[in-house]
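Scroll down for the structure; my scribbles are underneath it.
The values are calculated or read from the model by the stated rules, or taken from the named source; none is laboratory data. All of these numbers come straight from a predicted model, not from anything done at the bench. Here the Cβ is made from the backbone with ideal geometry for all residues, glycine too, and neighbour counts use every protein chain on show.
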């Protein structure tokens, strides 16, 4: 298991980690297998989405925020229930196949760390199985 | 890794792929293990849901559409931000256990390719690990 | 594959299963690997979320209910389309790394069975790969 560090800069942000994950795959020496990306936080998530037009990521943050506004009738007293909800619908894990030592992403796909309660120093855990 | 072809017929559709995935498992020769189904697109997803009553799938498409309407204040200029959002909350991967060469699905479960920006020719990637 | 039994007590409930999953990992004898948790139901899900403050779980149930109210223009005649929708956005699978025989969860994370149409007797399937 490799622990990557991510330092987010805003409260909400899609932070691309494709190249860091690919580097982890390369260092593992695994040629054919599966790469699992895990977020050990409860107000952040991992998402595979379009890496070409950054407007897609902005639309995702904006419209997921419409579902779970920052201010609402939440019980949890830390003021970040919206972030827990967003993380819950996006998810903590991404799985990508590996062939010839490369992540098998679709043409438009990238891997994103989704920050919903930053800015913070975060971790992403990666495991590559042959 | 096996690449399955899916040809969707509408803009939004839950297209059942359970039997194609089972065939891939059978051809792999794996008796006990895990089958991973991956969608390499950013406006489509994979979902394990009820396979008995097709009204469930229609309810899912209709009510996810209420969350992310096709027309809204989106930045992405291609007119399919709703599809990126729907794909983001449903997800790109499904994992199913394999025992005695069969997918271990619950009584009511089937595996669906979720088209959110069709009709299109799509791919689903499948990997079976022993 | 190990089948755990869960008996939920309400229509909607986040039922923590972290210790049962850890016991399964311990019994498997696997020291380093991956643990996959699978829910074979279509109106329930599995979620990795905060285990410290139970208000987080209550906020999640309440605000996901706002997205998919129990009563709405649903086609499916069993009166639980909301539960199918909630299960679809939360998901049927959780993946957690294992090191030194222990689940590698983040500081605040626990594993929850999400009941959306209980109370019922449910199953959770767990597989640990070395």
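For (1) within 11 Å of chain C (Cβ to nearest Cβ); (2) closer than 21 Å to residue A:65 by Cα; (3) more than 12 Å from the chain's Cα centre (by Cα), each residue gets a yes or a no:
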residue	(1), (2), (3)
B:90	yes, yes, no
B:94	yes, no, no
B:98	yes, no, yes
B:102	no, no, yes
B:109	yes, no, yes
B:113	no, no, no
B:116	no, yes, no
B:121	no, no, yes
B:127	no, no, yes
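So in segment C:84-101, with the set limited to residues that are over 21 Å from residue A:33 (Cα atoms) and in contact with a helix residue (DSSP H, G or I) (Cβ under 7 Å, 6 or more places away or on another chain), which one is surrounded by the fewest Cβ atoms within 10 Å (Cβ to Cβ)? Step by step, filter segment C:84-101, then rank; the result is C:101. Just wondering, is there one or more residues in segment B:62-75 that are closer than 21 Å to residue A:48 by Cα, in contact (Cβ under 8 Å) with a residue 40 or more places away in the chain and surrounded by fewer than 23 Cβ atoms within 10 Å (Cβ to Cβ)? Yes, segment B:62-75 contains a residue that is closer than 21 Å to residue A:48 by Cα, in contact (Cβ under 8 Å) with a residue 40 or more places away in the chain and surrounded by fewer than 23 Cβ atoms within 10 Å (Cβ to Cβ).
Just one residue in the set C:25, C:56 is surrounded by 23 or more Cβ atoms within 10 Å (Cβ to Cβ), more than 10 Å from chain B (Cβ to nearest Cβ) and touching a strand residue (DSSP E or B) at 6+ places or on another chain (Cβ under 6 Å); that residue is C:56. Given the criteria at the interface with another protein chain (Cβ under 9 Å from one of its Cβ atoms) and either surrounded by 17 or more Cβ atoms within 10 Å (Cβ to Cβ) or farther than 22 Å from residue A:93 by Cα (or both), does residue B:78 qualify? For residue B:78, the condition - at the interface with another protein chain (Cβ under 9 Å from one of its Cβ atoms) and either surrounded by 17 or more Cβ atoms within 10 Å (Cβ to Cβ) or farther than 22 Å from residue A:93 by Cα (or both) - is met. Only residues that are out of contact with any strand residue (DSSP E or B) (no Cβ under 7 Å at 6 or more places or on another chain), surrounded by fewer than 23 Cβ atoms within 10 Å (Cβ to Cβ) and touching a residue at least 40 places away in the same chain (Cβ under 8 Å) were counted across segment B:34-53, and they come to 1. More than 7 Å from every other protein chain (Cβ to nearest Cβ), at pLDDT 95 or above and on the phi < 0 side of the Ramachandran plot, is that true of residue C:66? In short, yes. Is it fair to say residue C:47 is within 14 Å of chain B (Cβ to nearest Cβ) and in contact with a helix residue (DSSP H, G or I) (Cβ under 6 Å, 6 or more places away or on another chain)? For residue C:47, the condition - within 14 Å of chain B (Cβ to nearest Cβ) and in contact with a helix residue (DSSP H, G or I) (Cβ under 6 Å, 6 or more places away or on another chain) - is met.
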